[in-house]
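Shown next, in structure tokens, is the structure this report addresses.
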Amino acid sequence: MTISDSIRYVGVNDHSVDLFEGQYIVPNGMAYNSYVILDDKTAVFDTVDVHFGEEWLRNVENALEGRKADYLIIQHMEPDHSANILTFLEKYPDTAVVGNAKTFGLIKQFYPEASIKNTLEVKDGESLSLGKHKFTFVFAPMVHWPEVMVTYDEYEKTLFSADAFGKFGALDVSEDWDCEARRYYIGIVGKYGAQVQKLLKAASGLDIKRICPLHGPVLEENLEHYLNKYDTWSSYKPEDSGVLIAFASIYGHTKTAAEKLAGILEKMGEKVVVADLAREDMAECVEDAFRYDRLVLASVTYNGGIFPCMDAFINHLTERNYQNRKIGFIENGSWGPAAKRIMQAKFEKSKDISFFETNVTIKSSLNDESEAALEKLAEEIHKN
Ligand code: FEO
């Protein structure tokens, strides 16, 4: 696939992956992107997942049109991009592998059998010229691993952005960018908002006409849209006004309360999403918690704690630095309701989290008192 006169797409689509990075369902598969640059010298950006070595090497060979590969640039060492470094070097042993000190450390750890003939170690801000193309390497630690660097090509005003600006989904399926890019970002990079902000600041000084990420489509139009989304997500600002009501229910009574609250809020004109934490995609629930400005957690009390899927959900939020949001609670406990206290305590170390004053306690099933509390909680949520 031709991106420009001198940039070729040589990545692959994966429709057999069961869980990306061992935890994310990807109903439309995954793309592992890779690029070949043709100039006086040639360069290849990153390799692909271990299962696609042959297909990728064929793509690289076709794109090179009989030429040798001068440089293999490694922007990120996670195995979805680095797994074919050695297979590449078997075919192109003279190619110089370009990376930073951390890249080469990780190559030794992942591929101890590697003996690389030619290496080029670069520092932050250093450049490499292929002829017309001049690449500047910008280190982007923790977006999403410590060795990550992105590459700016001054000649084509192209940013090779590593994992940043990627999304779930193979490239032979067309789907909305925002939805699967958000789920990908929050799930995979969400914890590292400060580091993404740093990268965005560096990018704001560059004239960027095209973004070539390691997952998802090449972005060429309306780049402001994608940059703005990344700014919102990485600064932990709510993206939309709305309420996520996430519930963990056993026999349906807590679910009923969650749905009742949703009905009241919807009548008030609020956008509401209700999520069954035991049955829905956890990454989608986490994504929605970050997307909207208000959150209600509804859980049964279980073994003196909270239901396991609620515990896991809150862990997913706090480990991703969930902040700048207001949270309400519905707890259920037939003989010793404790869920509210336990849920709230899990946010103790979180920044800029506040809580609605009204809490709803249910003992087994809703009654007049708990229904009145639901109404009161809804009013409070609506006022905020
Ligand atoms: Fe696409 Fe962090 O690997």
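The values are calculated or read from the model by the stated rules, or taken from the named source; none is laboratory data. Here the structure is a predicted model, which means the values were calculated and not measured. Every residue, glycine as well, gets a Cβ built from its backbone with ideal geometry; the counts of neighbours run over all protein chains shown.
Restricting 113, 156, 54 to those that are within 28 Å of residue 188 (Cβ to Cβ), assigned to a loop (DSSP other than H, G, I, E, B) and more than 16 Å from the ligand (Cβ to nearest atom) reduces the list to 156.
If you filter the stretch 317-355 down to residues that are within 22 Å of residue 264 (Cα to Cα) and touching a residue at least 40 places away in the same chain (Cβ under 8 Å), you find that the one that is surrounded by the most Cβ atoms within 10 Å (Cβ to Cβ) is 332.
Every residue, every condition in (1) surrounded by 18 or more Cβ atoms within 10 Å (Cβ to Cβ); (2) away from the ligand (no atom under 14 Å from the Cβ); (3) under 30 Å from residue 232 (Cβ atoms); (4) at pLDDT 95 or above, yes or no:
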{"site": "106", "(1), (2), (3), (4)": "yes, no, no, yes"}
{"site": "125", "(1), (2), (3), (4)": "no, yes, yes, yes"}
{"site": "129", "(1), (2), (3), (4)": "no, yes, no, yes"}
{"site": "161", "(1), (2), (3), (4)": "yes, no, yes, yes"}
{"site": "169", "(1), (2), (3), (4)": "yes, no, yes, yes"}
{"site": "187", "(1), (2), (3), (4)": "yes, no, yes, yes"}
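Mind listing whichever residues of the stretch 45-84 are among the hydroxyl-bearing types (Ser, Thr, Tyr) and more than 27 Å from the chain's Cα centre (by Cα)? I'd like the intermediate steps shown before the answer.
Start the filter on the stretch 45-84 by keeping residues that are among the hydroxyl-bearing types (Ser, Thr, Tyr), which leaves 47, 71, 82.
Within the stretch 45-84, just 71 meets the criteria.
All conditions but one from (1) touching a Leu at 6+ places or on another chain (Cβ under 6 Å); (2) assigned to a loop (DSSP other than H, G, I, E, B) apply to residue 207; the one that does not is (1). Against the conditions (1) over 23 Å from residue 41 (Cβ atoms); (2) in contact with a Phe, Trp or Tyr (Cβ under 7 Å, 6 or more places away or on another chain), residue 136 satisfies every one except (1). Mind checking whether some residue in the stretch 63-83 is under 15 Å from residue 216 (Cα atoms), acidic (Asp, Glu) and within 14 Å of the ligand (Cβ to nearest atom)? For the stretch 63-83, residues under 15 Å from residue 216 (Cα atoms), acidic (Asp, Glu) and within 14 Å of the ligand (Cβ to nearest atom): present. The residues of the stretch 356-369 that are surrounded by fewer than 19 Cβ atoms within 10 Å (Cβ to Cβ) and either in contact with a Pro (Cβ under 8 Å, 6 or more places away or on another chain) or assigned to a helix (DSSP H, G or I) (or both), listed by number, are 361, 363, 368, 369. Anything in the stretch 80-98 that is surrounded by 16 or more Cβ atoms within 10 Å (Cβ to Cβ) and over 28 Å from residue 19 (Cβ atoms)? List them, or say none. Of everything in the stretch 80-98, those that are surrounded by 16 or more Cβ atoms within 10 Å (Cβ to Cβ) and over 28 Å from residue 19 (Cβ atoms) turn out to be 89, 92, 95, 96, 97, 98. Screening the candidates 8, 58 for the property of being modelled with pLDDT of 95 or more, surrounded by fewer than 17 Cβ atoms within 10 Å (Cβ to Cβ) and more than 15 Å from residue 214 (Cβ to Cβ) yields one hit, 58. Just to check your reading of the model, which residue among 219, 223, 227 is under 30 Å from residue 135 (Cα atoms), surrounded by fewer than 23 Cβ atoms within 10 Å (Cβ to Cβ) and touching a strand residue (DSSP E or B) at 6+ places or on another chain (Cβ under 6 Å)? None of the others qualify; the one that does is 219. Within the stretch 1-20, does at least one residue satisfy the condition of being in a helix (DSSP H, G or I) and within 16 Å of the ligand (Cβ to nearest atom)? The answer is no, given that none of the residues of the stretch 1-20 is in a helix (DSSP H, G or I) and within 16 Å of the ligand (Cβ to nearest atom).
Counting only residues that are assigned to a strand (DSSP E or B) and within 23 Å of residue 229 (Cα to Cα), which one in the stretch 246-302 is nearest to the chain's Cα centre (by Cα)?
First, pick out the residues of the stretch 246-302 that are assigned to a strand (DSSP E or B): 246-248, 272-276, 292-302.
In the following step, the residues that additionally are within 23 Å of residue 229 (Cα to Cα) were identified as 272-273, 292-295.
Details: 272: 23, 273: 21, 292: 17, 293: 19, 294: 21, 295: 20 Å.
That would be 292.
Yes or no, residue by residue, for (1) hydrophobic (A, V, I, L, M, F, W, C); (2) in contact (Cβ under 8 Å) with a residue 60 or more places away in the chain; (3) within 30 Å of residue 155 (Cα to Cα):
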{"residue": "18", "(1), (2), (3)": "no, no, no"}
{"residue": "23", "(1), (2), (3)": "no, yes, no"}
{"residue": "26", "(1), (2), (3)": "yes, yes, no"}
{"residue": "37", "(1), (2), (3)": "yes, yes, yes"}
{"residue": "43", "(1), (2), (3)": "yes, yes, yes"}
{"residue": "47", "(1), (2), (3)": "no, no, yes"}
{"residue": "50", "(1), (2), (3)": "yes, no, no"}
{"residue": "58", "(1), (2), (3)": "no, no, yes"}
{"residue": "67", "(1), (2), (3)": "no, no, yes"}
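Checking the stated criteria, residue 294 turns out to be at pLDDT 95 or above and in contact with a Ser or Thr (Cβ under 9 Å, 6 or more places away or on another chain).
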